[in-house]
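The block underneath contains the structure these notes are about, expressed in structure tokens.
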Amino acid sequence: MGVVDRTDEFRQMMMELSAKGGIGINSFDGPSQQAQSELNVWSAEIGTDIHQASLKVQELRKMARQKGIFNDQTSEIQELTFGVKQDIQMLNQKIEALESKAKGTGPNKSSQAHSSNMVTTLKTRLLEVTKDFKDALEDRTKALEQQDKRRQMYSSGNGAAANPFAQRQRPSPSGNSDDLEGGGGAQAMSLQQGQGYHSSRAEAVQSVQRTIGELAQMFQKMAVMVTAQEEMIMRIDHDVDDTMSNVEAGRDNLLQYFHYISSNRALIIKVFLILIFFVIFFIVFLA
């Protein structure tokens, strides 16, 4: 009997049914497989966002380590710090949503273990980015303290020599006190500028310290999440090991039964020959 290829007819029928709304072509894909594909796409997007956040943290760390007194980038650093903090919070929320979606997803334990490992990897990467961000903020705090020390040292060392009114506060021999008043006004303006600078520096340090405190809480929360995820993976691995042990035990039992049957093969052949002998005897002599 010849073989007839009716693939084209099958495809034509599927297209007609799909056009009528009876059966969708994509309906043959299992829901679990589609959910797994969505998880993979979502995980890839989160991984890309984590990489972008890591690049921002590296840029922040370079800016925070600059020690120049006259190269003040406070506004840029604060803006970048706020952006990185927002990115980390958003990524943390996305990973939590991915974890809740990944629970129970997959037709078997292997797929569930893959989803759990995927979530754990993303959590670990985000944890590393958060730690680097915290280190960058600590570097920023140290740099601000060093800049303040150097500025105070320069101002205290050069202030008295540059300003004669710091040494003496008496009128000039000509009797004109305008120079004294002008010098006092300049000194007051300089003091106001110095106080404003130190106030802005103190606010910057406090802002960095607040951000470090928030990051410490986020870091602790993510560490707890990673630990819980690792415990879940360990339980899944333990279940997989138990399944493998049961499979191996079943295989050993099948092998034992096979050996038992093989040892009785001679007896089975004898019984079969006796049956054939009686059949032939019945047909030849009694029929």
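The values are calculated or read from the model by the stated rules, or taken from the named source; none is laboratory data. Worth saying up front: this structure is predicted, and the values here are computed from it rather than measured. Methodologically, a virtual Cβ is constructed for each residue, glycine included, from the backbone with ideal geometry; neighbour enumeration extends over all protein chains shown.
Hey, among the residues in the range 1-40 that are among the hydrophobic types (A, V, I, L, M, F, W, C), over 30 Å from residue 114 (Cα atoms) and in a helix (DSSP H, G or I), which one's modelled with the lowest pLDDT? Walk me through it before giving the result.
Here is the first cut: in the range 1-40, the residues among the hydrophobic types (A, V, I, L, M, F, W, C) are 1, 3-4, 10, 13-15, 17, 19, 23, 25, 28, 35, 39.
Right, trim to over 30 Å from residue 114 (Cα atoms) and you get 1, 3-4, 10, 13-15, 17, 19, 23.
With the extra rule that they be in a helix (DSSP H, G or I), the set shrinks to 10, 13-15, 17, 19.
Numbers: 10: 75, 13: 77, 14: 72, 15: 73, 17: 72, 19: 66.
Step by step, filter the range 1-40, then rank; the result is 19.
Does residue 214 satisfy being touching a helix residue (DSSP H, G or I) at 6+ places or on another chain (Cβ under 8 Å), of a type in the set (Asp, Glu), within 30 Å of residue 76 (Cα to Cα) and at pLDDT below 75?
Details: touching a helix residue (DSSP H, G or I) at 6+ places or on another chain (Cβ under 8 Å): yes; of a type in the set (Asp, Glu): yes; within 30 Å of residue 76 (Cα to Cα): yes; at pLDDT below 75: yes.
Here the answer is yes, as residue 214 does meet what is asked.
Which of the residues spanning the range 97-123 are at pLDDT 85 or above and surrounded by fewer than 18 Cβ atoms within 10 Å (Cβ to Cβ)?
97, 121
So which residues in the range 41-91 are exposed (fewer than 12 other Cβ atoms within 10 Å of the Cβ), at pLDDT below 85 and part of a helix (DSSP H, G or I), if there are any at all?
75
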